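A short write-up of the structure that comes next.
Every number here is computed from the coordinates shown, using simple stated rules; none is lab data. Here the structure is a predicted model, which is why all the values come from computation and not from measurement. Please note: Cβ atoms are built from the backbone with ideal geometry, for glycine as well, and neighbour counts cover all protein chains shown.
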Amino acid sequence: MATHVAEADLVFGIGASFTPTNYGIRFPLKGKTFIHNTVDATDVDKAIHAEHVLLGDAKLALSMLRDALRDRLNGRPRGRMRAMTARIQAQKEPWLAEWRPHLTSESKPLSPYRIIHELLQVADVPNTIITHDAGSPRDELSPFWNPIAPLTYIGWGKSTQLGYGLGLTMGAKVAHPDKLCVNFWGDAAIGMTGMDFETCVRAKIPILSILSNNFAMATEDDDMVLSRQKYGSTDISGNYADFATAMGGYGERVTDPDQVLHALVRGIRKTQEGTPVLLEFITMREKTFSSS
């Protein structure tokens, strides 16, 4: 994405604030024209000057823009789709080749990327709603999950507390009881809101929670050296599969890469039977993330 933005002469932000953040791309300004669609007027020219502003709901604004373009083009496409699709595929293939060893890793402890890859193989992706927690789960899942249907990927992070993903997934399941609703989180996140797994059991909300347990807040190791040495602040864990079972749900702890796929199949089946599930995968202290 950053490559395409850097090369573009026109940037169209849809439903965006363009607020600068350390967790997003930086928009180069020289030689570019910006179109800004936002529902909040205070976003306009806050960080980036837009030559053209479309103030209003993104769905409505895009619908009106589509109709205007259809009239201008007399209902005919410009014929650029095939070339652009081929270019994106050519960029994606070497990136995937670079990451395939992570996605298919046989390591013990497990690679969290292996779990994501296997989930993509067994989940009915168009009928799956998935979210992640902040930190490592976000950075690991977001580059590799390929949502197909609208509103099936809930991306967030650095805006709320750890453990926020559990509530999002519960809400998604209540709104869409026919879909598989997945929460991908870490041991720090479950330490914040894990007790609400009991709510899933009591309220009969059969979500699938996938826990990457590396016995640490690994991404904070370099930032919390002293507190880790003195108090073990980043070294947190537990047996969360047993916890889920004690709460009345289905819990399973997985340590062998050959069992990842089977555990996911069992977990999905349990949710279909109406049981909330927590699959606890014992993972490495992964600190390698993709920026793509």
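What the table shows:
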item	result
HN-Hα J in Hz across the range 125-135 - Karplus 6.51, -1.76, 1.60, θ = phi - 60°, x for Gly and Pro	4, x, 10, 10, 10, 10, 9, 9, 8, 6, x
Footprinting exposure proxy for W156, W185, W145, W95 (fewest neighbouring C-beta atoms within 10 Å first)	W95, W156, W145, W185
Distance from the range 1-42 to the range 224-240 (C-alpha centre basis), Å	38
Neighbour cut-off at most 15 other Cβ (10 Å), DSSP loop, trypsin sites (Lys or Arg not before Pro), the range 195-241	K204
Sites K46 and A68, calculated FRET efficiency, Cβ-Cβ separation with R0 22 Å, nearest 0.05	0.25
Value of relative contact order over the chain, rounded to a whole percent, pairs C-alpha under 8 Å and six or more apart	15
Inter-label distance for K230 and K59, nm, one decimal - labels placed 7 Å from Cα along Cα-to-Cβ	5.2
Value at 222 nm in deg cm²/dmol, rounded to 500, when DSSP H runs of n ≥ 4 in the chain each add -39,500 (n - 2.57)	-11500 deg cm²/dmol
Neighbour count of at most 12 Cβ within 10 Å plus DSSP loop: longest GluC sites (Glu not before Pro)-free window in the chain	107-272
Karplus-derived HN-Hα couplings along the range 29-42 (A = 6.51, B = -1.76, C = 1.60, θ = phi - 60°), whole Hz, x at Gly and Pro	9, 5, x, 10, 10, 10, 10, 10, 9, 8, 8, 10, 4, 6
All lysines inside 27 Å of K108 as judged from Cα atoms, apart from same-chain residues fewer than 8 positions distant	K270, K287
DSSP-loop chymotrypsin sites (Phe, Trp or Tyr not before Pro) across the range 202-291, with at most 11 other Cβ within 10 angstrom	none
Whole-angstrom gap from the range 166-201 to the range 66-131, using each part's C-alpha centre	25
Residue order, fewest to most beta carbons within 10 Å, for I14, I205	I14, I205
Phi-based couplings in Hz for the range 205-216 (Karplus 6.51, -1.76, 1.60; Gly and Pro marked x)	10, x, 8, 10, 9, 9, 9, 8, 9, 10, 6, 5
T21, T128 arranged by Cβ crowding within 10 Å, fewest neighbours leading	T21, T128
Average Cα contact separation per residue, the range 2-76, under 8 Å, 6 or more apart, as relative contact order %	27
The range 129-247 shape via C-alpha gyration tensor axes, a/c threshold 1.5	oblate
